[in-house]
1. Report yes if K130 is outside any helix (DSSP H, G or I), surrounded by fewer than 23 Cβ atoms within 10 Å (Cβ to Cβ) and not assigned by TED's automatic domain parsing to the domain that holds K191, otherwise no.
2. Going residue by residue through segment 158-169, is there one that turns out to be modelled with pLDDT of 95 or more and over 21 Å from the mean Cα position of the chain (by Cα)?
3. I need every pair where a residue in segment 15-38 that is over 24 Å from G55 (Cα atoms) has its Cβ under 9 Å from the Cβ of a residue that is assigned to a helix (DSSP H, G or I) and among the hydrophobic types (A, V, I, L, M, F, W, C), sequence separation at least 6 or different chains.
4. State whether the residues of segment 62-74 include one that is over 20 Å from the mean Cα position of the chain (by Cα) and within 21 Å of K130 (Cβ to Cβ).
5. Quickly run through segment 187-203 and pick out the residues that are touching a Lys or Arg at 6+ places or on another chain (Cβ under 8 Å) and among the β-branched types (V, I, T).
6. In this structure, is D222 of a type outside the set (A, V, I, L, M, F, W, C), under 20 Å from Y86 (Cα atoms) and crowded, with 17+ Cβ neighbours inside 10 Å?
7. Can we say N195 is surrounded by 14 or more Cβ atoms within 10 Å (Cβ to Cβ), under 20 Å from T50 (Cα atoms) and either in contact (Cβ under 8 Å) with a residue 40 or more places away in the chain or among the aliphatic types (A, V, I, L, M) (or both)?
Amino acid sequence: MLRFFVLLTFIINLNASTINVALASNITYAIPQLVKEFKEQYPNINVKTTISGSGKLTAQIKHNAPYDIFMSANMKYPQNLYETGYTEKKPKVYAKGKLALLSYKEYDFLNIKDLLESNNIKKIAIANPKLAPYGKAAIEVLKTLNIYETIKNKIVFAQNISQTLLYTLNVTDIGIVALSSLKSDKLKKYKENKNYIQINSKLYTPISQGIVLLKRSKNIDDAKKFYDFILSNKAKNIFKNYGYDVL
């Protein structure tokens, strides 16, 4: 019996294919469940992920990185790839990201403008707005609140939104992070209105996140299956559970 299962596993692995998915950093927390659900439908398709900032991944794609799918943190980068001939079709929105203000300390989050300007906050972690859409949105929040000029010397820039979370919990007093990160099991000890607050989405342009199939894919049929899954209702429910808005 044991030999049978070993043989069966070998046959399954022999027939398995692998797709390479380039992921924006904010999806780090949702992707394990997304892949798990996908594998239940397609057990013979393995999903290899590369996680980084959307700007960096776009540059890698233009330098022939072997990705099949790109899931960006906004529409700008996949739209650029479409316009320059790297994708099969126009990008589609798979979810809309949200921001949160987080600290490992407890603060009064009733007025985030006063909090960020206060002497209690000396360092604020934000993703690099030149590379990370979540960083661009964070700067927009500060400018909408009309406090960017007064607190810009407090800002510590991280390479991407995942590094922003690390800075927030280990280096700075507070940080503007992806709300999705606070839905992970590892961060459940941080409590809403004590350690974090969801930032009013009216303070920044909606972070519409785009997905594209890449022309240079060597496994386009299986990549299309994952692409369709990400746009499915099952995937939308997972994104919703991780704090995203879905269409």
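The values are calculated or read from the model by the stated rules, or taken from the named source; none is laboratory data. Please read all numbers here as calculations on a predicted model, not as lab measurements. Here the Cβ is made from the backbone with ideal geometry for all residues, glycine too, and neighbour counts use every protein chain on show.
1. Details: outside any helix (DSSP H, G or I): yes; surrounded by fewer than 23 Cβ atoms within 10 Å (Cβ to Cβ): yes; not assigned by TED's automatic domain parsing to the domain that holds K191: no.
Criteria not met by K130.
2. No, there is no match, as no residue in segment 158-169 is modelled with pLDDT of 95 or more and over 21 Å from the mean Cα position of the chain (by Cα).
3. Filtered contacts from segment 15-38: Q33/I238; E37/F229; E37/A235; E37/I238; F38/F226; F38/F229; F38/I230; F38/A235.
4. Yes, segment 62-74 has at least one match.
5. Within segment 187-203, just I199 meets the criteria.
6. yes
7. Criteria not met by N195.
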